[in-house]
Amino acid sequence: MAARDAVTKAALRQALRHRRSVIPYDLRSTTQWKVINHLRSLIADLAPTVVALYAAQDGEINLEPLAQELWRDGQTVALPRVVARGLPLAFNIWPPAGRLEADALGLATATGPEILPALVVVPMLGYSPSGHRLGYGGGYYDRTLASFKHPCRSVGVCYTELELPADFAPEPHDVRLDFIVTGKGVLVPPPRPTQPAARTAKAVAKRRRKP
């Protein structure tokens, strides 16, 4: 089952990459402008101390204009860094006109001091209204968000056209995002389902009875 799911996800990633690559330039430009406007409003509402953006690549929505606006407002901006394969991301302060260098995967990252973000903006290949994303398969953001011990909000950004199929099934390790921003606006996923208290208590009691 896991192998079949991996093949399905690989095919879906390939399809989404192609779909993203053929989005017309004018639509890309319009979407970037709209996403930045939505993100600006969301950041103003959440008032995070540190905003982690990303350095766009391979057709991702470019958020550098937003970084310039945040710098002008005195906001601390950071970029993620891959320290090593299989480890959570680190985040380094990205000052105005700050120099970038390649991380362990060759991706552009900042060279400022390491810092913990209060809001992480996550790139993705596809999104679902439930708050899940399809990334590139490395699991870095899932691992990172799950490892945080401090309060941190997560928001994914994506082209509206790249919504995942209705039958997309996230894996147990996939971390749901708090918000998703597309050209259409800010999507707030529904609350996470919780077990009824009676059922939870019964399950706990059952586990305690086991030798």
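The values are calculated or read from the model by the stated rules, or taken from the named source; none is laboratory data. Not measured: the values here are computed from a predicted model. Reconstructed Cβ throughout: ideal geometry from the backbone, glycine too, with neighbour counts over all protein chains shown.
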From LEU89, LEU134, LEU100, residue being under 26 Å from GLY183 (Cα atoms) and not charged (D, E, K, R): LEU134
Quick check: anything in the range 152-172 modelled with pLDDT under 95 and either under 13 Å from the mean Cα position of the chain (by Cα) or of a type in the set (Phe, Trp, Tyr) (or both)? yes
Could you tell me which of the residues PRO151, PRO191 is loosely packed, with under 12 Cβ neighbours inside 10 Å, touching a residue at least 24 places away in the same chain (Cβ under 8 Å) and outside any strand (DSSP E or B)? PRO151
Checking ASP103 against (1) without any contact (Cβ under 8 Å) to a residue 24 or more places away in the chain; (2) surrounded by fewer than 17 Cβ atoms within 10 Å (Cβ to Cβ), the condition it does not meet: (2)
From ARG72, ARG81, ARG99, grab the single residue that is over 30 Å from ALA10 (Cβ atoms), touching a Ser or Thr at 6+ places or on another chain (Cβ under 9 Å) and among the basic types (Lys, Arg). ARG99
Starting from the range 84-99, keep only residues that are over 15 Å from LEU70 (Cβ atoms), then list their pairs with residues that are acidic (Asp, Glu) whose Cβ atoms are within a distance under 8 Å, requiring at least 6 positions of separation or different chains. ALA90/GLU114; ASN92/GLU114
Please go through the range 111-133 and give me each residue that is of a type in the set (A, V, I, L, M, F, W, C) and either more than 18 Å from the chain's Cα centre (by Cα) or surrounded by fewer than 21 Cβ atoms within 10 Å (Cβ to Cβ) (or both), ordered by number. ILE115, LEU116, ALA118
Please find, among ARG192, ARG176, the residue that is at pLDDT 80 or above, under 33 Å from the mean Cα position of the chain (by Cα) and not hydroxyl-bearing (Ser, Thr, Tyr). ARG176
From the option list VAL186, VAL204, single residue qualifying as at pLDDT 85 or above and either of a type in the set (Val, Ile, Thr) or within 29 Å of GLN32 (Cα to Cα) (or both) is VAL186
Step by step: first the residues of the range 32-66, then only those that are among the polar types (S, T, N, Q) and under 17 Å from the mean Cα position of the chain (by Cα), then the one that is farthest from PRO95 (Cα to Cα). Which residue is that? GLN32
